[in-house]
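Comments concern the structure below.
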Amino acid sequence: MKIIEVSDYNEMSQKAAEIVAEQIKEKPDTILALNVGSTPMGLYSLLIDYYKRGELDFSQVRTFNIDEYVGLPEDNPQSYHYLMHKQLFSQINMDPDNINIPKGYTEDPDAAAEDYERKIKKSKGIDLLIMGIGVNGHIGFNEPDDHFSDDTHVVELQENTRIVNARFFDSVDHVPTKAVTMGIGTIMRAKKILLIVSGKNKHEALMNCIYGDVKPSVPVSILKFHPNVTMIVDNEAFYG
Ligand code: GLP
């Protein structure tokens, strides 16, 4: 794992944007995997700036989002569909046909998860997967568990994750209890992974990942087994 230490959130976003921009310039039909959260918001706004300055063209880029809540309509302001369009897709020249987000608002989320995995497997593979980590060490919505999951699947969210994510909802009772997420296997099959980590509340999970054993109770620790991982970590996350 390559670890890039940066001073703060802005520098993390800047470095991440440089890496993503370089990837798209080198391979205009890059397949990206993306997630939603506080962490990538700065990165997304910098990518929009690149586009507006005429330095990046997203017309051939394809994306697969990593996760989505189950049960939120796509126009709900907390759904990852809504947030991805608001924070990135509506402001760059992505072809809507190239955007893929797991379906959480459907009668059969399990079948939708299987379809999503099939679609990823039929693609040429994710070139660069960009994600953050949860306070409890989750990646995507793969919660601490007794085994590592493989493909895209439906998960039951843990109470602490719902409490952490309640900041975006009226109350914790409004946070969905389930989500659909790429599995650990899906994530590990990406050719390159960029992990962005900012803030004191991620310190413990980050230390468990860097210095601890690889174990499903710390899902992010699996990244030690991936051949091409870059972590961009700010001072608060690194030093606590
Ligand atoms: C959320 C998402 C993850 C995200 C993580 C951290 O619950 N499911 O994809 O990486 O938790 O989010 P944030 O960047 O807001 O701290």
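The values are calculated or read from the model by the stated rules, or taken from the named source; none is laboratory data. Everything numeric in this text was worked out from a predicted model, so none of it was measured. Note: ideal-geometry Cβ built from the backbone for every residue, glycine included; neighbour counts use all protein chains shown. Note: accessible area is taken over every heavy atom of the protein model, side chains too, but ligands, DNA and RNA are not part of it. Shrake-Rupley method; radii C 1.70, N 1.55, O 1.52, S 1.80 Å.
Numbers below:
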quantity: Residue match in the stretch 212-222 (condition: modelled with pLDDT under 95 and of a type in the set (A, V, I, L, M, F, W, C)); calculated: no
quantity: Criterion violated by Val36 - all others in (1) within 16 Å of the chain's Cα centre (by Cα); (2) more than 28 Å from Tyr239 (Cβ to Cβ) satisfied; calculated: (2)
quantity: Yes/no for Asn93 being in contact with an Asp or Glu (Cβ under 9 Å, 6 or more places away or on another chain), part of a loop (DSSP other than H, G, I, E, B) and either within 30 Å of Glu204 (Cα to Cα) or of a type in the set (A, V, I, L, M, F, W, C) (or both); calculated: no
quantity: Any strands (runs of 3 or more DSSP E) falling wholly within the stretch 1-88 and containing at least 3 residues that are open to solvent by 30 Å² or more (accessible area, probe 1.4 Å) and farther than 16 Å from Asp127 by Cα; calculated: 2-6
quantity: Top-ranked residue in the stretch 89-117 [being among the charged types (D, E, K, R) and within 22 Å of Tyr51 (Cα to Cα); ranked as most open to solvent (accessible area, probe 1.4 Å)]; calculated: Asp97
quantity: Which listed residue is within 16 Å of the ligand (Cβ to nearest atom), more than 26 Å from Asp151 (Cβ to Cβ) and either of a type in the set (A, V, I, L, M, F, W, C) or touching a residue at least 24 places away in the same chain (Cβ under 8 Å) (or both), from Leu43, Leu88; calculated: Leu43
quantity: Matching residues, the stretch 200-218, being within 15 Å of the ligand (Cβ to nearest atom), open to solvent by less than 40 Å² (accessible area, probe 1.4 Å) and assigned to a helix (DSSP H, G or I); calculated: Lys202, Ala205, Leu206, Cys209
quantity: Members of the stretch 170-199 found to be part of a helix (DSSP H, G or I) and among the hydroxyl-bearing types (Ser, Thr, Tyr), listed by number; calculated: Thr186
quantity: Restricting the stretch 118-162 to residues that are small (Gly, Ala, Ser) and buried (at least 18 other Cβ atoms within 10 Å of the Cβ), the residue that is farthest from Pro219 (Cα to Cα); calculated: Gly132
quantity: Test set (1) closer than 15 Å to Asn35 by Cβ; (2) surrounded by 17 or more Cβ atoms within 10 Å (Cβ to Cβ); (3) within 11 Å of the ligand (Cβ to nearest atom) - Leu223 fails condition number; calculated: (3)
quantity: Residue that is among the acidic types (Asp, Glu) and within 26 Å of Gly185 (Cβ to Cβ), where the choices are Asp95, Asp49, Asp110; calculated: Asp110
quantity: Number of the exception - Asn165 against (1) within 13 Å of the ligand (Cβ to nearest atom); (2) touching a residue at least 12 places away in the same chain (Cβ under 8 Å); (3) polar (S, T, N, Q); (4) buried (at least 16 other Cβ atoms within 10 Å of the Cβ); calculated: (2)
quantity: Breaking point among (1) outside any helix (DSSP H, G or I); (2) touching a residue at least 40 places away in the same chain (Cβ under 8 Å); (3) under 30 Å from Glu22 (Cα atoms), for Asp150; calculated: (2)
